Amino acid sequence: MTKIKAENIKKTFKIRTNGNSRNNGNSSNELLALGGVNLAINKGEFISIVGPSGCGKSTFLDLVGGLSKPNEGNIYIDGKPVEGPGLDRGIVFQQYALFPWRTALENVEFGLESQNIPKNERRGTAQKYLTLVGLNSFEDRYPYELSGGMKQRVAIARALAFDPDILLMDEPFGALDAQTREILQRELLHIWEETHKTILFITHSIDEAVFLSDKVAIMTARPGVIKKMEDIPIARNDRFEDDIRSSQDFVKSRYKLWELLKEEVVRAQQISGNAVSNFSKWETAK
């Protein structure tokens with residue numbers, strides 16, 4: 001059953017010229033971030049998107065989350081068009097975005113308060129999800145008393161607390177050290193197994209994508225489109241083995257994804273180089 005479907009998604013941003021925002025319809029003053037993304041995600045799947053910097057990965061996730069709207073195309077959740085944010089989608093960003101004046105428990109409760117859930121009920125729910133992410137002993141700590149990994153666990157618990165069908169994750173482990181990152185990757189797999197959420201995960205790391213995902217979508221350099229979707233032939237239970245990253249299936253999957261990605265990385269660098277070159281010429285012309 002298709003849970004998320006994107007059809008020909010295009011997204012354009014206005015760019016600034018000479019410090020002024022232009023809105024005269026001139027294409028030279030617009031940036032085409034997404035060039036026609038088509039993607040279908042089935043219920044309960046864990047799908048990662050990997051692509052070069054600036055290809056529109058995070059832009060696409062924002063569109064699925066209803067935080068912005070495409071210029072062309074449509075995104076559907078359970079067959080219904082996305083018209084804005086909704087409680088069927090929980091979002092976890094790279095930045096923790098916790099309220100510093102609230103404890104870990106109170107941060108997780110925040111989304112439940114907007115639903116007018118009674119205090120005792122929402123407190124029990126928040127405690128449940130803090131326990132799920134391994135923070136049941138830290139419910140009364142404030143964000144400044146938590147490590148980066150702990151803060152991200154609170155953010156994940158907050159996104160799960162109102163029980164969304166879909167979890168959207170935008171490089172949630174990107175700012176963490178390597179050891180904490182691997183621990184949270186395993187925690188996320190446990191959560192996925194327990195909750196059966198549909199997960200759309202944005203990452204720059206091929207290793208992370210292979211370890212976590214059912215399938216990995218490779219995105220092209222800007223304007224981003226889905227170049228190819230690759231199945232990851234590793235059983236879910238096998239991913240918890242200590243030597244899984246050195247297994248034949250893991251190494252083959254990583255190599256295949258890199259072969260698809262590397263030419264897009266080179267192309268993205270060329271695009272970026274041209275942009276820098278053009279800016280330098282413009283500065284000189286001034």
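What number of residues within the range 133-180 are modelled with pLDDT of 90 or more, out of contact with any Leu (no Cβ under 9 Å at 6 or more places or on another chain) and in a helix (DSSP H, G or I)?
Selection size over the range 133-180: 2.
Quick check on Gly90: is it more than 25 Å from the chain's Cα centre (by Cα), outside any loop (DSSP other than H, G, I, E, B), at pLDDT 90 or above and not acidic (Asp, Glu)?
Numbers: more than 25 Å from the chain's Cα centre (by Cα): no; outside any loop (DSSP other than H, G, I, E, B): yes; at pLDDT 90 or above: yes; not acidic (Asp, Glu): yes.
In short, no.
Residues are listed down the side, and each one gets a yes or a no for (1) in a helix (DSSP H, G or I); (2) modelled with pLDDT under 95; (3) outside the structural domain of Ile156 (by TED's automatic domain parsing):
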| residue | (1), (2), (3) |
| --- | --- |
| Ile199 | no, no, yes |
| Glu208 | yes, no, yes |
| Phe211 | yes, no, yes |
| Ile218 | no, no, yes |
| Lys228 | no, no, yes |
| Asp238 | yes, yes, yes |
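Within the range 69-79, is there a residue that is assigned by TED's automatic domain parsing to the domain that holds Arg236 and either closer than 22 Å to Glu208 by Cα or β-branched (Val, Ile, Thr) (or both)? Full working, then the answer.
First, the residues of the range 69-79 that are assigned by TED's automatic domain parsing to the domain that holds Arg236: 69-79.
Then keep just the ones that are either closer than 22 Å to Glu208 by Cα or β-branched (Val, Ile, Thr) (or both); that gives 75, 77.
Yes, some residue in the range 69-79 is assigned by TED's automatic domain parsing to the domain that holds Arg236 and either closer than 22 Å to Glu208 by Cα or β-branched (Val, Ile, Thr) (or both).
Would the range 186-196 turn up any residue that is in the same structural domain as Asn237 (by TED's automatic domain parsing), under 27 Å from Asn237 (Cα atoms) and not in a helix (DSSP H, G or I)?
Step one: of the range 186-196, the residues in the same structural domain as Asn237 (by TED's automatic domain parsing) are 186-196.
Next, from what is left, pick out any that are under 27 Å from Asn237 (Cα atoms): 186-196.
Add one more test, that the residue is not in a helix (DSSP H, G or I), and what stays is 196.
Checking the range 186-196: at least one residue is in the same structural domain as Asn237 (by TED's automatic domain parsing), under 27 Å from Asn237 (Cα atoms) and not in a helix (DSSP H, G or I).
Is it the case that some residue within the range 110-118 is surrounded by 20 or more Cβ atoms within 10 Å (Cβ to Cβ), within 21 Å of the chain's Cα centre (by Cα), at pLDDT below 95 and not in a strand (DSSP E or B)?
Yes: the range 110-118 contains one or more residues that are surrounded by 20 or more Cβ atoms within 10 Å (Cβ to Cβ), within 21 Å of the chain's Cα centre (by Cα), at pLDDT below 95 and not in a strand (DSSP E or B).
The values are calculated or read from the model by the stated rules, or taken from the named source; none is laboratory data. All values derive from a computational prediction rather than experimental measurement. Neighbour counts run over all protein chains shown; Cβ positions are idealised from the backbone, glycine included.
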